[in-house]
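Student: Below are the structure tokens for one structure; questions will follow.
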Amino acid sequence: MKNKKIIIANWKIDLDIKESKRLSVQVLKYLKKSNKKRKLAKIDIVLCPGFTSLSAISKIFKSKVFKKVILGAQDCFWEDKGDFTGEISPIRLKQLGCKYVILGHSERRQNLAETDDMVHKKIKTALKSGLIPIICIGETLDERRRGLKDYVILNQASKALAGISLKPKQKIVVAYEPVWVIGSGRAITPEEAEYMNKVIYQRMIDLFPLSIVQNNIRVIYGGSVDSSNVKSFVDLQTINGVLVGSASLKAKEFVKMCEAIC
Ligand code: PGA
């Protein structure tokens, strides 16, 4: 909870390489021009482009002028190397300049049948490779209607993290993302998100020593966040940041969100 605020842009697979390069350069330009530049330097701003654009964007980020923005990936595999055709090695992502990796996004759980066990294995390997996992958990609308939201969240958090211990330098981000809200354009209320984040914190305290929870774990909210509602989420004590999808595809809008939370 004492951690820096974080804002993560998830570009999914919406942009080609040229568009991704253009968007990242625009984001960097608006950040540089912002009159909140100093404050912006105190939050973590992470861009997660599609895999095919990572290399090009990594080169842009490596140029010294723009070292404030951090590169992240949208997934990785649970092995570093070997016979795993088509998979993405976490160690290669690290070599490419990625610091963060989104894991267990609901779109992967739904479309690719990614299980809690797979997410758990990916978290372990990502940490070993020096990446910071952004672990996505969230209930479906049906689960919420059946009164199972707390149960689902606690279960996903436990299965993702049980048996994993964090070294003092290792960090994780847990993103609460109600599945039914993602891409809907209608976020849940900040109070609801705060309640769920408290539930997640409680589980983190069961799983890790308190000092690790306070210093190495950030719990954030994701799902239809934009510049009009972002502040109401991050102003709450238990919400350390946001994971943004569609609203992160417009440079001005995204930088507005960064400014709103710093
Ligand atoms: P959204 O996506 O902001 O478009 O709802 C969030 C996400 O997929 O992480």
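The values are calculated or read from the model by the stated rules, or taken from the named source; none is laboratory data. Model, not experiment: these values are computed from the prediction. Cβ placement follows ideal geometry from the backbone for every residue including glycine, while neighbour counts extend to all protein chains displayed.
Student: Residues that are within 30 Å of Val152 (Cβ to Cβ), buried (at least 20 other Cβ atoms within 10 Å of the Cβ) and touching a Lys or Arg at 6+ places or on another chain (Cβ under 9 Å): does the stretch 52-63 have at least one?
Tutor: no
Student: So which residues in the stretch 224-262 are in contact with a Lys or Arg (Cβ under 7 Å, 6 or more places away or on another chain) and more than 9 Å from the ligand (Cβ to nearest atom), if there are any at all?
Tutor: Correct list: Ser227, Val234, Thr238, Asn240, Gly241, Glu259, Ala260, Ile261, Cys262.
Student: Sticking with this one: Which one is nearest to Gly72 (Cα to Cα) among residues in the stretch 191-222 that are away from the ligand (no atom under 16 Å from the Cβ) and in contact with a Leu (Cβ under 7 Å, 6 or more places away or on another chain)?
Tutor: Checking each candidate, the answer is Asn216.
Student: Residue by residue through the stretch 73-128, note down the ones that are out of contact with any Lys or Arg (no Cβ under 7 Å at 6 or more places or on another chain) and hydroxyl-bearing (Ser, Thr, Tyr).
Tutor: Answer for the stretch 73-128, where residues must be out of contact with any Lys or Arg (no Cβ under 7 Å at 6 or more places or on another chain) and hydroxyl-bearing (Ser, Thr, Tyr): Thr85, Tyr100, Ser106, Thr115, Thr125.
Student: Scan Glu114, Glu79, Glu87, Glu19 and give me the residue that is under 30 Å from Pro209 (Cβ atoms), modelled with pLDDT of 95 or more and surrounded by fewer than 17 Cβ atoms within 10 Å (Cβ to Cβ).
Tutor: After applying the criteria, what remains is Glu79.
Student: Then there's this: So, in the stretch 102-139, of the ones that are of a type in the set (Val, Ile, Thr) and touching a residue at least 12 places away in the same chain (Cβ under 8 Å), which residue ends up farthest from the ligand (Cβ to nearest atom)?
Tutor: The selected residue is Thr125.
Student: Quick one: which of Asp75, Asp80 is within 16 Å of the ligand (Cβ to nearest atom), charged (D, E, K, R) and touching a helix residue (DSSP H, G or I) at 6+ places or on another chain (Cβ under 9 Å)?
Tutor: Asp75
Student: Take Lys32 and decide whether it is closer than 21 Å to Ala247 by Cα and loosely packed, with under 15 Cβ neighbours inside 10 Å.
Tutor: Spelling it out, Lys32 is indeed closer than 21 Å to Ala247 by Cα and loosely packed, with under 15 Cβ neighbours inside 10 Å.
Student: I've got another one for you. Restricting attention to the stretch 165-181, and to residues there that are closer than 18 Å to Asp206 by Cα and among the charged types (D, E, K, R), which single residue is surrounded by the most Cβ atoms within 10 Å (Cβ to Cβ)?
Tutor: It comes out as Lys171.
Student: I need a count of the residues in the stretch 170-217 that are farther than 20 Å from Ala126 by Cβ and of a type outside the set (Phe, Trp, Tyr).
Tutor: Residues in the stretch 170-217 being farther than 20 Å from Ala126 by Cβ and of a type outside the set (Phe, Trp, Tyr): 27 in total.
Student: Report yes if Ile188 is within 15 Å of the ligand (Cβ to nearest atom) and farther than 30 Å from Asp16 by Cα, otherwise no.
Tutor: Yes; evaluated as a whole, the condition is true for this residue.
Student: Provide a single number: the residues in the stretch 214-255 that are buried (at least 20 other Cβ atoms within 10 Å of the Cβ) and of a type in the set (Lys, Arg).
Tutor: Residues in the stretch 214-255 being buried (at least 20 other Cβ atoms within 10 Å of the Cβ) and of a type in the set (Lys, Arg): 1 in total.
Student: Next question, about the same structure. For the stretch 126-140, give me each residue that is within 21 Å of Leu47 (Cα to Cα) and among the β-branched types (Val, Ile, Thr).
Tutor: Within the stretch 126-140, Ile132, Ile134, Ile135, Ile137 meet the criteria.
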